[in-house]
Amino acid sequence: MDREKLITRAYDTGFEYEKTYRGCSQSTIAAVQDTIGIQNDFVFKAGGGLTAGCGMLRDGPCGGYTGGIMAMSMFFARRRDKFDDDREENYCSFRMAIALHDRFVSEYGSITCSEIHKRIFGKSYDLWNPEEKKRFEEAGAHKDKCTGVVAKASAWAMEILLDEIEKRDMTIDDFSHLSCRMNGR
C-alpha cells in the first residue's frame, strides 16, 4: 500500500477507534499498529493509563500525543539489550517525538490535554465529574472533537514513522518480529 493510503488509513482508523472504544492513547496506538499490520498487545496495554492527560486528569500530555510516541517508539527507540549504548536509536525516538510535538503545537497550541480541550471545545472538562463528562460528550467529544485529535495524531505518527522507515531504506516487513499477542491478560 502506498504512503498516502497508509496515512489516510491511520487517520480514519484513529477516528473510528476513539469514537467506538474511547481512550485516546490506546486508540492512537491501535490505529498505527493496525494500519501497519503489526500488533503488539504489550505496547497497546501500556498506553492504558495515558488517556486524557494521564488518568483522565487533563493536566498531562494528550493521549493522542503519548500514544503516537509509543507507537513510533515501538519501531525506533533504544533497545533493552543495548540499554547502555544505543544513542542513535534513542535520539531517533527523541526526533520523532519532537516532530509529533511540533505538529500538535502548530495545530492546537499545546500538547497538554486541558489546553487542547480549550482549543477544540472552548473550555476544559473535568472528566471525573459526571455532569462535566456528560457535557463533554454533548459537546461532541466522541463525534468530532477528540476523535479528530486522535485521527490527526494517528496520521501524523504514521507519517513520521514512514519518513524514518524510508530514510533507512527499510520496509514495514522489516518489523514483523514486533508483533506480540497476549494470551488473555
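If you go through segment 76-125 and pick out every residue that is free of Cβ contacts under 8 Å to residues at least 24 places away in the same chain, in a loop (DSSP other than H, G, I, E, B) and within 24 Å of residue 38 (Cβ to Cβ), you end up with 5. Does at least one position in segment 41-50 carry a residue that is farther than 18 Å from residue 127 by Cα, touching a residue at least 12 places away in the same chain (Cβ under 8 Å), among the hydrophobic types (A, V, I, L, M, F, W, C) and surrounded by 20 or more Cβ atoms within 10 Å (Cβ to Cβ)? Yes, because at least one residue in segment 41-50 is farther than 18 Å from residue 127 by Cα, touching a residue at least 12 places away in the same chain (Cβ under 8 Å), among the hydrophobic types (A, V, I, L, M, F, W, C) and surrounded by 20 or more Cβ atoms within 10 Å (Cβ to Cβ).
Total residues in segment 48-64 satisfying the condition of being under 11 Å from the mean Cα position of the chain (by Cα) and farther than 14 Å from residue 104 by Cα: the figure is 2.
A search for C-beta distances below 7 Å between a residue of segment 130-154 that is surrounded by fewer than 19 Cβ atoms within 10 Å (Cβ to Cβ) and any residue that is at pLDDT 95 or above and acidic (Asp, Glu), counting only pairs 6+ apart in sequence or on different chains, returns 132/126; 142/18.
Looking at residue 77 and the list (1) among the small types (Gly, Ala, Ser); (2) out of contact with any Asp or Glu (no Cβ under 7 Å at 6 or more places or on another chain); (3) surrounded by fewer than 21 Cβ atoms within 10 Å (Cβ to Cβ); (4) under 16 Å from residue 178 (Cα atoms), which single condition is not satisfied? Here residue 77 clears every test but (2). Candidates 35, 8: the one that is among the hydroxyl-bearing types (Ser, Thr, Tyr), surrounded by fewer than 24 Cβ atoms within 10 Å (Cβ to Cβ) and either touching a residue at least 60 places away in the same chain (Cβ under 8 Å) or not in a loop (DSSP other than H, G, I, E, B) (or both) is 8.
Every residue, every condition in (1) in contact with a Ser or Thr (Cβ under 9 Å, 6 or more places away or on another chain); (2) within 26 Å of residue 130 (Cβ to Cβ); (3) of a type outside the set (D, E, K, R), yes or no:
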{"position": "27", "(1), (2), (3)": "yes, yes, yes"}
{"position": "45", "(1), (2), (3)": "no, no, no"}
{"position": "53", "(1), (2), (3)": "yes, yes, yes"}
{"position": "74", "(1), (2), (3)": "no, no, yes"}
{"position": "79", "(1), (2), (3)": "no, no, no"}
{"position": "87", "(1), (2), (3)": "no, no, no"}
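What do you reckon, is residue 167 within 18 Å of residue 32 (Cβ to Cβ), more than 18 Å from the chain's Cα centre (by Cα) and not small (Gly, Ala, Ser)? Lay out the reasoning, then the answer.
On the way: within 18 Å of residue 32 (Cβ to Cβ): yes; more than 18 Å from the chain's Cα centre (by Cα): yes; not small (Gly, Ala, Ser): yes.
Taking the combined requirement at face value, the residue satisfies it.
Residue 124 - would you say it is under 22 Å from residue 71 (Cα atoms) and among the polar types (S, T, N, Q)?
Values: under 22 Å from residue 71 (Cα atoms): no; among the polar types (S, T, N, Q): yes.
Here the answer is no, as residue 124 does not meet what is asked.
A search for C-beta distances below 8 Å between a residue of segment 164-183 that is closer than 17 Å to residue 29 by Cα and any residue that is of a type in the set (Gly, Ala, Ser) and in a loop (DSSP other than H, G, I, E, B), counting only pairs 6+ apart in sequence or on different chains, returns 172/37.
Quick one: which residue in 66, 20 is without any contact (Cβ under 8 Å) to a residue 40 or more places away in the chain and within 25 Å of residue 129 (Cα to Cα)?
Working: 66 fails: without any contact (Cβ under 8 Å) to a residue 40 or more places away in the chain.
Criteria check complete, one pass: 20.
The values are calculated or read from the model by the stated rules, or taken from the named source; none is laboratory data. All figures in this text were calculated on a predicted structure; none of them were measured in a lab. Cβ coordinates were reconstructed from backbone atoms using ideal geometry, including for glycine residues, and neighbour counts include every protein chain displayed.
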